[in-house]
Amino acid sequence: MKTVSIILIFLLPFTCLGQQAKPDPEKTAINKTIISFLKWYKARLKNGMTYPIAQGGYTDTTTQTRIDWNGVKTYLNEVKESGYFSTVFVNNIRHNFEGIDSIMAKISPSKYSTKIPGMDADFIFPTYEPESFLDHIAEAKTRKFYRIYKKAIVSVNFSRYTNLIFTLTKNVETRKWEIDDIGYDDPQLYKVLKN
């Protein structure tokens with residue numbers, strides 16, 4: 001009995017070391033969705049938009065600058081058909097355009113070119129220059145990953161200063177992960193808030 005106990009004591013650490021946790025297939029699918037989306041968006045930016053988002057205004061001093069809803073519809077269809085975004089994300093973009101249009105409705109026609117509030121930033125990312133991280137897709141690393149059932153929050157680090165948070169939902173019909181929201185993750189801010 002004593003010999004069996006000694007053998008078991010020596011074998012126990014080796015048996016524990018031999019058991020490795022299986023990689024979460026959902027985590028792999030989520031990370032793949034994020035990286036594929038970033039590559040798709042980078043390629044899309046190079047091609048540019050071929051449809052108008054605004055109409056009227058400068059050059060035609062008799063009309064107000066307004067949102068071109070046909071162009072927006074084409075844009076939103078392209079975003080939705082990419083397969084990377086949920087209906088929630090697409091609706092948020094639509095609401096942003098509605099907000100921009102309501103602001104533009106209050107601005108009188110002008111013979112001068114004016115900045116259109118809300119149209120100078122990227123519609124997908126919360127930034128003016130998405131190239132700052134799209135040029136670093138190869139260096140992207142998942143910093144934090146949380147998943148509960150069909151919801152996930154992922155913090156992706158692109159460089160020392162650029163971290164994005166992706167919120168995703170698994171579509172029950174297509175069984176694919178779709179992006180609900182993209183925002184900045186600022187670890188320095190969290191340190192300040194904790195103190």
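Numerical summary
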read-out	value
Exclusive hit being within 14 Å of L38 (Cα to Cα), in a loop (DSSP other than H, G, I, E, B) and not hydroxyl-bearing (S, T, Y), set I179, I124	I124
Some residue of the range 107-119 being free of Cβ contacts under 8 Å to residues at least 60 places away in the same chain, out of contact with any Asp or Glu (no Cβ under 9 Å at 6 or more places or on another chain) and under 26 Å from I30 (Cα atoms)	no
Single residue of the range 137-162 satisfying the filter (of a type outside the set (D, E, K, R) and at pLDDT below 90) that is nearest to S36 (Cα to Cα)	F158
Residue ID - modelled with the lowest pLDDT, chosen from residues in the range 163-176 that are within 14 Å of the chain's Cα centre (by Cα) and closer than 15 Å to I35 by Cα	N163
Subset of the range 152-166 (residues that are more than 19 Å from T127 (Cβ to Cβ) and loosely packed, with under 13 Cβ neighbours inside 10 Å)	none
Only one of T62, T28, T74 that is loosely packed, with under 12 Cβ neighbours inside 10 Å, modelled with pLDDT of 80 or more and either assigned to a helix (DSSP H, G or I) or not aromatic (F, W, Y) (or both)	T28
Counted residues, the range 127-175 - those being in a loop (DSSP other than H, G, I, E, B), in contact (Cβ under 8 Å) with a residue 60 or more places away in the chain and touching a strand residue (DSSP E or B) at 6+ places or on another chain (Cβ under 7 Å)	2
Every pair of residues 6+ apart whose Cβ atoms lie under 9 Å, when the first sits in the range 54-81 and is within 21 Å of D120 (Cβ to Cβ) while the second is basic (K, R) and at pLDDT 90 or above	V72/R94; L76/R94
Flag if L38 is of a type in the set (A, V, I, L, M), within 18 Å of V90 (Cα to Cα) and either at pLDDT below 70 or within 24 Å of the chain's Cα centre (by Cα) (or both)	yes
Failed item, numbered, when I107 is tested on (1) in contact with a Ser or Thr (Cβ under 9 Å, 6 or more places away or on another chain); (2) buried (at least 18 other Cβ atoms within 10 Å of the Cβ); (3) among the aliphatic types (A, V, I, L, M)	(2)
One residue from I148, I137, I93 being under 21 Å from I30 (Cα atoms), within 14 Å of the chain's Cα centre (by Cα) and either surrounded by 15 or more Cβ atoms within 10 Å (Cβ to Cβ) or not hydroxyl-bearing (S, T, Y) (or both)	I137
Residue in the range 107-128 that is modelled with pLDDT under 85 and either of a type in the set (F, W, Y) or touching a His at 6+ places or on another chain (Cβ under 6 Å) (or both) present	yes
Total residues in the range 74-102, condition among the basic types (K, R) and either touching a Ser or Thr at 6+ places or on another chain (Cβ under 9 Å) or within 17 Å of R44 (Cα to Cα) (or both)	1
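The values are calculated or read from the model by the stated rules, or taken from the named source; none is laboratory data. Everything numeric here is computed off the predicted structure, so don't read it as measured data. Glycine gets a Cβ as well: all are built from the backbone with ideal geometry, and neighbour counts include every protein chain shown.
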